[in-house]
Amino acid sequence: MPTPLRHYKDELQDWLDGRLDAETCSEVERHVETCAECRREYEAMWWTKKFAARQFAATPAPAELREKVLQSFRAHDSASDAATAQPAFWRKRPQPMLAAAAVLVAAALLTFIYFLKPSNLPSVMAQDYRAYQAQKLALELSTGDVKQMEAFFASRGVPFNTRVFDLAMMNYRLVGGRVQRPGRQPRALFVYRGLTNQQLVCQMYAGQVGQLPKGATLRENKGIKFYTYQTKGVTAVFWQEGAVVCVLVSDIAAEEVVQLAFAKATTI
């Protein structure tokens, strides 16, 4: 008998949130491309997350909120005390309703917390770098021609103009790239290699640096702001270029990655 087709359920949500390692991400992506059921489920998850993020956009809580919550608890305690004087059959009636209300409140809070958790992009970028370094993330095109690399990204549906520069003056040469597809927002990924085999991975995606999590070291160079993150020995430097976020990632000295990002961002 043929092996039943496996459907990805938990992995779809992890893929959407960028929590999968590069190998599993590629496996799920290939499956979704051929499985209509999983593709529909993924698209429903994607739409729900985007809708919830818009509907429940984080706003500062009012100063009086804490007091109102405390008042509500006090009122509930008073009502509970009064209820003890009522007949037992009457006291039991509200319990299912209160239990149902508690479940609804808990579900609403979990939904709110889940959909508004901070982006994990710095970790995702570090994982992609380590995956490429370990030869678990293969290049889809091997080339040292920057124009050919840009044409490849355009042909693969990357919806923005990629800026793939020749970094030979900085002793790094282009070796190729691939398209990362964590859902509907593809990322252009391309790799440079130094004279002593140092590796730089550059990624570009449509977005805003304002969506990055807290904890970055902020630097500014020639009017451009650079956000640097350290993740398990890997440095990731983010900066904005129009509607696109660029990221330079490597495990070489952190300051060298920052200086390379400065140079790449200001290259004309």
So what's Rg/Rh here for the range 124-268, counting alpha carbon atoms and using the Kirkwood radius for Rh? 0.92
Sites K136 and T266 - FRET efficiency at Förster radius 35 Å, r taken between beta-carbons, to 0.05: 0.60
Per residue, how much accessible surface does the range 228-268 expose to a 1.4 Å probe? Answer in Å², no decimals. 36
Stretch E256-Q211 to full length: gain in nm at 0.36 nm per residue minus the Cα-Cα span? 13.7 nm
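At a 1.4 Å probe, what is the % contribution of carbon and sulfur to the accessible area of the range 211-268?
On the range 211-268, the fraction of accessible area on carbon and sulfur atoms equals 54 percent.
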If we restrict to alpha carbons, what Rg and Dmax does the range 138-222 come to, in Å? 14.1, 36
Which value in nm describes the separation of the simple spin-label points at E220 and E27, placed 7 Å from the Cα toward the beta carbon? 4.7
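The values are calculated or read from the model by the stated rules, or taken from the named source; none is laboratory data. Fair warning: this is a prediction, and the values are worked out from it, not measured in the lab. Note that each Cβ is placed from the backbone with ideal geometry, even for glycine, and that neighbours are counted across all protein chains shown. Keep in mind that these areas ignore ligands, DNA and RNA; they rest on the heavy atoms of the full protein, side chains included. Shrake-Rupley method; radii C 1.70, N 1.55, O 1.52, S 1.80 Å.
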